[in-house]
Amino acid sequence: MAHPTEISISPTANLGDHPVLEFLNTVPLIDGQLQDLFQSDADVFATLARIGYPATFHGTGLLAAARTLREDLRSLITARKAGNPLDPKALATLNRFLRAASSYLDLIQPHPGQFALKKVWSHQTPEQALAPVAEAAAELLASGDFDLIRRCESDTCVLWFYDRTKSHHRRWCSMASCGNRHKVAAFRKRRSEA
Ligand SMILES: [Zn+2]
């Protein structure tokens, strides 16, 4: 009997609903332990492709650069969310990646009479491969709606998401996991109090 093809998919895929939050969400809390899904350059390439910034950089050092950028972005976004001053060292890291960026715009014509701008990135270094994430993060920090940028409410979850629901009442990274766990716990609590 043929086995179904095994596909490795991040357990946190797409819950963030924003490329930068997806990037942060590559360190989920699993069974009480933070697990870094970035263990190799290939992991970083896969995530960059998944969040819409495929990179073609052929070299080394991507993993270390990605972890540095990610953790400094986590510090900046956490501080911005709390209304605290940004850590100057983390801000300097972000600006270092922004300055490394090399990109230009192409005017493209997807259909006759329709025009669009496409940003083309150069990827000569790890910093350049990660520059689109840095740029999206800078835009998020400057003009994102931090009322809608939230952490999952579960005590056993560290995932971020951008709440794009109409009601803006999203509480969980995922209804299927954290939302459901909360529902079951609340039900058990009610039953034990009855
Ligand atoms: Zn969660």
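Just so you know, all these numbers are worked out from the coordinates, no wet-lab data involved. Note that the structure is a prediction, hence the values are computed from the model and not measured. Using ideal geometry, Cβ is built from the backbone for each residue, glycine included, and neighbour counts are taken over all protein chains shown.
Considering each of LEU141, LEU63 in turn, give the residue that is within 17 Å of the chain's Cα centre (by Cα) and touching a residue at least 60 places away in the same chain (Cβ under 8 Å).
On the way: LEU63 fails: touching a residue at least 60 places away in the same chain (Cβ under 8 Å).
Selected residue: LEU141, the only one of LEU141, LEU63 that is within 17 Å of the chain's Cα centre (by Cα) and touching a residue at least 60 places away in the same chain (Cβ under 8 Å).
Looking at GLU153, GLU127, can you tell me which residue is farther than 22 Å from ASN14 by Cβ, acidic (Asp, Glu) and either within 16 Å of the ligand (Cβ to nearest atom) or touching a residue at least 40 places away in the same chain (Cβ under 8 Å) (or both)?
Of GLU153, GLU127, the one residue that is farther than 22 Å from ASN14 by Cβ, acidic (Asp, Glu) and either within 16 Å of the ligand (Cβ to nearest atom) or touching a residue at least 40 places away in the same chain (Cβ under 8 Å) (or both) is GLU127.
The conditions are (1) within 16 Å of the ligand (Cβ to nearest atom); (2) part of a helix (DSSP H, G or I); (3) in contact with a Leu (Cβ under 8 Å, 6 or more places away or on another chain), and PHE161 fails exactly one of them. Which is it?
(2)
Consider LEU34 against the criteria (1) surrounded by fewer than 18 Cβ atoms within 10 Å (Cβ to Cβ); (2) over 26 Å from PHE146 (Cβ atoms): it satisfies all of them except one. Which criterion is unmet?
If we test LEU34 against (1) surrounded by fewer than 18 Cβ atoms within 10 Å (Cβ to Cβ); (2) over 26 Å from PHE146 (Cβ atoms), just (2) comes out false.
Identify the single condition in (1) within 15 Å of the chain's Cα centre (by Cα); (2) farther than 18 Å from ALA13 by Cβ that TYR53 does not satisfy, given that it satisfies every other one.
(2)
Can you tell me which residues in the range 135-173 are out of contact with any strand residue (DSSP E or B) (no Cβ under 8 Å at 6 or more places or on another chain), within 20 Å of ARG74 (Cα to Cα) and of a type in the set (Gly, Ala, Ser)?
Answer for the range 135-173, where residues must be out of contact with any strand residue (DSSP E or B) (no Cβ under 8 Å at 6 or more places or on another chain), within 20 Å of ARG74 (Cα to Cα) and of a type in the set (Gly, Ala, Ser): ALA136, ALA137, ALA138, ALA142, SER143, SER154.
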